[in-house]
Amino acid sequence: MPYDPEVQHSADEIKKRDMEALRFCDIAVLELQEPSLAVAQELGAARALGKPVILITSSAAVTAHNWVRGDSGITCCATKEEALELLRAY
């Protein structure tokens, strides 16, 4: 979800906006190229809401993680272009 870099948002406002976006989306597309607690929380929230997730990552550690590979609702890909192709297939 794009944010205006000129506007400062509180942590609560960011979380509220992220959760609202997850509740209303059909598919969550998340990018995880480096360790990020925020993305991990968004991933868990999306799956708890029953949303399929396209996870963009080039990290073998992420794709091999039990919580990722053990969840058929998460599809991993390496690039944004691959994510767009997966979205077109939905």
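The values are calculated or read from the model by the stated rules, or taken from the named source; none is laboratory data. As the structure is a prediction and not an experimental result, all values here were calculated from the model. Ideal geometry is used to build each Cβ from the backbone, glycine not excepted, and the neighbour counts take in all protein chains shown. Areas reflect the complete protein model, heavy atoms only, side chains present, ligands, DNA and RNA absent. Shrake-Rupley method; radii C 1.70, N 1.55, O 1.52, S 1.80 Å.
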Problem set entry | Cα-based helix-to-principal-axis angle, 11-24 vs the chain, degrees rounded to 10 | 50 degrees
For this session: Could you please report the charge total around Val62, scoring K, R as +1 and D, E as -1 over all other residues with beta-carbon less than 13 angstrom from its beta-carbon?
Result: -2
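Rolling a 1.4 Å sphere over the protein heavy atoms, what is the accessible area per residue of the stretch 26-75, to the nearest Å²? Display every interim value, and only then the final one.
Values: 2920 Å² over 50 residues.
Counting only protein heavy atoms, the per-residue value for the stretch 26-75 is 58 Å².
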Exercise. Rounded to the nearest 0.05, what FRET efficiency do Arg17 and Leu84 have when you use their Cβ-Cβ distance and R0 = 35 Å?
Worked result: 0.90
Exercise. Taking the chain as a Gaussian network, where each spring joins two C-alpha atoms under 10 Å apart, which residue of Glu20, Glu42, Glu31 fluctuates the most?
Worked result: Glu20
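Using a 1.4 Å probe on the protein heavy atoms, what percent of the accessible area of the stretch 34-90 belongs to carbon and sulfur? The partial results should precede the final answer.
Working: 2120 of 3670 Å².
About 58 percent, which is the carbon plus sulfur part of the accessible surface.
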Seminar exercise, completed: Connecting every pair of Cα atoms under 10 Å apart in the chain and solving the GNM, the largest mean-square fluctuation among Val29, Val39, Val53 falls on Val39
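In µm²/s, what is D for the chain at 25 °C and 0.890 mPa s, where D = kT/(6 pi eta Rh) by Stokes-Einstein and Rh is the Kirkwood radius from Cα pairs?
On the way: Rh = 13.8 Å.
Estimated diffusion coefficient is 178 µm²/s.
Quick one: net charge around Ala48, please, counting Lys, Arg +1 and Asp, Glu -1 for every other residue with C-beta under 13 Å from its C-beta.
On the way: positive: Arg23, Arg47, Lys51; negative: Glu42, Asp71.
So the environment of Ala48 carries a net charge of +1.
Less than 12 Å Cβ to Cβ from Ala78, Lys/Arg counted +1 and Asp/Glu -1: what total charge do the surrounding residues give? Mind showing how you got there, number by number?
Working: positive: Lys80; negative: Glu31, Glu81, Glu82, Glu85.
Here the charged neighbours net out to -3.
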Problem set entry | Listed residues Asp12, Asp26, Asp71, most fluctuating in the chain (Gaussian network, C-alpha, under 10 Å) | Asp12
